[in-house]
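The values are calculated or read from the model by the stated rules, or taken from the named source; none is laboratory data. Computed from a predicted structure; not experimentally measured. Methodologically, a virtual Cβ is constructed for each residue, glycine included, from the backbone with ideal geometry; neighbour enumeration extends over all protein chains shown. Quick note on the areas: whole protein, heavy atoms, side chains included, nothing else; ligands and nucleic acids left out. Shrake-Rupley method; radii C 1.70, N 1.55, O 1.52, S 1.80 Å.
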Amino acid sequence: QFPFGRRLPCDIYWHGVSFHDNNIFSGQVNKFPGMMETVRKITLSRAMRTMQDLFPLEYNFYPRSWILPEELPLFVAEVRMMKDSDPSWKPTFIVKPDGGCQGDGIYLIKDPSDIRLTGSIQSRPAVVQEYICKPLLVDKLKFDIRLYVLLKSLEPLEIYIAKDGLSRFCTEPYQEPTLKNLHQVFMHLTNYSLNIHSGNFIHSDSVNTGSKRTFSSILCRLSSRGADVKKLWSDIISLVIKTIIALTPELKVYYQSDIPAGKPGPTCFQILGFDILLMKNLKPVLLEVNANPSMRIEHEQELSPGVFENVPSPVDEEVKVAVIRDTLRLVDPQKKKRKDTQCPHGRGWNQMSCKVPCKPNHSVILCRRCQSLEQVPEANEELPPAAGPAARPEPDAPRGREAALPSLCLKQVFPKYAKQFNYLRLVDRVAALFIRFLGVKGTTKLGPTGFRTFIRNCKLSNSNFSMAAVDILYIDITRRWNSMGIDHKESGMCLQAFVEAFFCLAQKKYKSLPLHEQVASLVEFCECHLAALHGKRLVWGCG
Ligand code: ADP
């Protein structure tokens, strides 16, 4: 801990809540810039909506959602339409304030007119979502799953999922929502922080009983009932990969703004908490993503009235210790080859063969910027394998320790399954175009000139679509997004507004295709023109 400021560079920085230090020039930070903002309820719902528009079947694991207050009229109209077309449909909705956590401010409604508009919606935006009425029950109780996911790298995308997670149980037997039981939080909300206050909460010292259990214990139980647990896992993996694919475009915009390419800076990784609900038919549904999941392995116990003590929680310990341990193993800086590491100038080292006599077990490295030579001790893991007894690492050296550790609980799922999912990374390519035209590093919003340059360089303007029409499109969309009041710090067009403009252009240009094909065609069209332009510039440059 550095309460008075840090002086020496570190190889791993562990930030408590979010990425908050722009004075880090090397090493790895355990948070991505902008992650907190990207997984907020409204931003997540928007990102999922974009993906649902493009790939409705692939993204049907996220409940239909509307953003309040701006989409209240749309919510009312759509529900009325669906009820008219199917009078037997008796839905329930869940209203969740944006930025809330631990069930704070959440309530259930049966009809859009029940939304509590008195002041709070205007001052506190929210998401209203279709309520999953038929969850899978265990011991007659509703429960959800907390899974830990490591986003190890954004570019290239690397995702790991923990093999075990937590199941958090309600403390009142579940009944389908009725006007009478809508307010019973211990029946409908699975939050630990709420249910702990119910008299029925059971702290358990075993992993397969009580109000918090391991997910693997649930899987065992389901498997013994004949459920297809393999299929369930593969559905969960697919849900996690697809969700991260929906989040990466926004994250990349924040990343280039806080850690501009070509300048010395850290790389990032992050442990995320995925909250998943299983439906009665075992289909997993995404509830939310937590940027800062609790890693507590103790809980409070009231010894006598008003006297509390922290006692170990074996279930939390079993799952969370493994997640932290394996995250550190995966990002272990000692593992990286020295040539990949950063020198103090941020340019990296060049390994030199040692021609001059140097200290034993040291090698010579050359800083790419100042060209100075330095002698550094050789790292144990770089010893040539099995080169004789003298070359073997010490028993407590990193390699020896690694061998003594249990097998990894974090399982790589991306790029392992990249082939199956790469076609979904369309908005990523739109974001790459957006970032290219952002111009000045450090911004997250596109100015009117940047947008015009994008249109011109990609040859999107013609007699049917004049530059005046381009300006109108920019102003219309940008104004609407900025009036939603998400981020007033910068003016200009945010990524989501650019994506909307891009979809408009794609629909205009490729009228008869489905949306994802329209967008894919326009992305290719733009990439081609930019590549040709880049080629020309190179030729002129040579000339
Ligand atoms: P918070 O961040 O406040 O915990 P969540 O989105 O996780 O908000 O919702 C809190 C709880 O409400 C969840 O743990 C789950 O039990 C329940 N819940 C949330 N959304 C739904 C939904 N669409 N259908 C059924 N239950 C839900």
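When the accessible area of region 136-287 is computed with all protein chains present and a 1.4 Å probe, what percentage of it is carbon and sulfur? Don't skip to the end; give the middle numbers.
On the way: 3290 of 5910 Å².
For region 136-287, the apolar C and S fraction of the accessible surface comes to 56 percent.
Assuming R0 = 45 Å, what is the FRET efficiency of residue 231 and residue 304, from their Cβ-Cβ distance, to the nearest 0.05?
E(calc), rounded to 0.05, equals 0.35.
How much length is gained if the chain between residue 175 and residue 57 is pulled fully straight, taking 0.36 nm per residue apart and subtracting their Cα-Cα distance, in nm to one decimal?
Values: separation 118, 0.36 × 118 = 42.48 nm, distance 2.91 nm.
Contour length minus the Cα-Cα distance gives 39.6 nm.
Which one of 495, 481, 422 has its Cα pushed farthest toward the positive end of the charge dipole of region 407-495, where Lys and Arg give +1 and Asp and Glu give -1 at the Cβ?
Of the candidates, 422 comes out farthest on the positive side.
Give, in whole angstrom and from largest to smallest, the semi-axes √(5λ) of the equivalent ellipsoid of region 175-331, with λ running over the eigenvalues of the Cα gyration tensor.
On the way: eigenvalues 202, 107, 67 Å².
Ellipsoid semi-axes (Å, largest first): 32, 23, 18.
Just the number please: accessible area per residue for region 197-312, 1.4 Å probe, all protein chains included, in Å². Provide the component values of the computation, followed by the final result.
Details: 5230 Å² over 116 residues.
Ligands and nucleic acids excluded, the figure is 45 Å² per residue.
Can you pull the one-decimal nm distance between simple spin-label points at residue 295 and residue 328, each 7 Å off the Cα toward Cβ?
So the two model labels end up 0.9 nm from each other.
Give me the net charge of residue 78's neighbourhood, meaning all other residues with Cβ under 15 Å from the Cβ of residue 78; Lys, Arg count +1, Asp, Glu -1. Mind showing how you got there, number by number?
On the way: positive: 49, 64, 80, 83; negative: 53, 70, 71, 84, 86, 111, 130.
It works out to a net charge of -3.
Beyond 17 Å, what share of the Cα-Cα pairs of region 1-146 remains, rounded to the nearest whole percent? Each step should come with its number before you reach the end.
Working: 7565 of 10585 pairs.
Across region 1-146, Cα pairs with separations above 17 Å total 71 percent.
Before I look further, what does region 119-195 give for accessible area per residue, probe 1.4 Å, in whole square angstrom?
Details: 2990 Å² over 77 residues.
For region 119-195, the per-residue accessible area is 39 Å².
Taking only C-alpha pairs under 8 Å that are 6+ residues apart, what is the relative contact order of region 34-118 in percent?
Numbers: 56 pairs, mean separation 20.0, N = 85.
That works out to 23 percent.
Run the paramagnetic zone check for residue 534: 7 angstrom along Cα to Cβ, then residues of region 445-467 with backbone nitrogen under 14 Å.
Within reach of a label on residue 534: 458.
Could I have the simple spin-label model distance between residue 20 and residue 476, label points 7 Å from Cα toward Cβ, reported in nm to one decimal?
Rounded to a tenth, the inter-label distance reads 4.2 nm.
Multiply the residue separation of residue 85 and residue 484 by 0.36 nm, subtract the distance between their alpha-carbon atoms, and state the gained length in nm to one decimal. All intermediate terms of the calculation are to be shown ahead of the outcome.
On the way: separation 399, 0.36 × 399 = 143.64 nm, distance 3.12 nm.
Net length gain for the segment: 140.5 nm.
How much area per residue is accessible in region 410-539 when the probe is 1.4 Å and only protein heavy atoms are counted (Å²)?
Numbers: 6870 Å² over 130 residues.
Result: 53 Å² per residue.
Using unit Cβ charges (K, R positive; D, E negative) and no other charged atoms, how large, in debye to the nearest 20, is the dipole of region 12-113 about its Cα centre?
On the way: 11 positive and 12 negative charges, 39 e Å.
The dipole of region 12-113 has a size of about 180 debye.
Can I get the semi-axes of region 262-310's equivalent ellipsoid? Compute them from the C-alpha gyration tensor as square roots of 5 times the eigenvalues, in angstrom, largest first. Let's see the in-between values first.
Numbers: eigenvalues 216, 136, 9 Å².
Here the semi-axes work out to 33, 26, 7 Å.
Starting from region 7-60, pick out the trypsin sites (Lys or Arg not before Pro) whose DSSP state is loop and whose Cβ has at most 13 other Cβ atoms within 10 Å.
Working: sites: 7, 31, 40, 41, 46, 49; in loops: 7, 31, 40.
Qualifying residues, ordered by number: 7.
Residue 224 versus residue 335, label points 7 Å from Cα toward the beta carbon: distance in nm?
Going from the residue 224 label point to the residue 335 one covers 3.6 nm.
With the cut-off at 24 Å, tell me which of the pairs 140/283; 134/212; 180/212; 152/280; 142/283; 96/152 have Cα atoms farther apart than that.
Numbers: 140/283 18 Å; 134/212 21 Å; 180/212 27 Å; 152/280 33 Å; 142/283 14 Å; 96/152 29 Å.
In this structure, 180/212; 152/280; 96/152 lie more than 24 Å apart at Cα.
With N set to the number of residues, divide the alpha-carbon radius of gyration of region 134-235 by 2.2 N^0.38 Å and report two decimals.
Details: Rg = 15.7 Å, N = 102, 2.2 N^0.38 = 12.8 Å.
In units of the 2.2 N^0.38 Å rule of thumb, it is 1.23.
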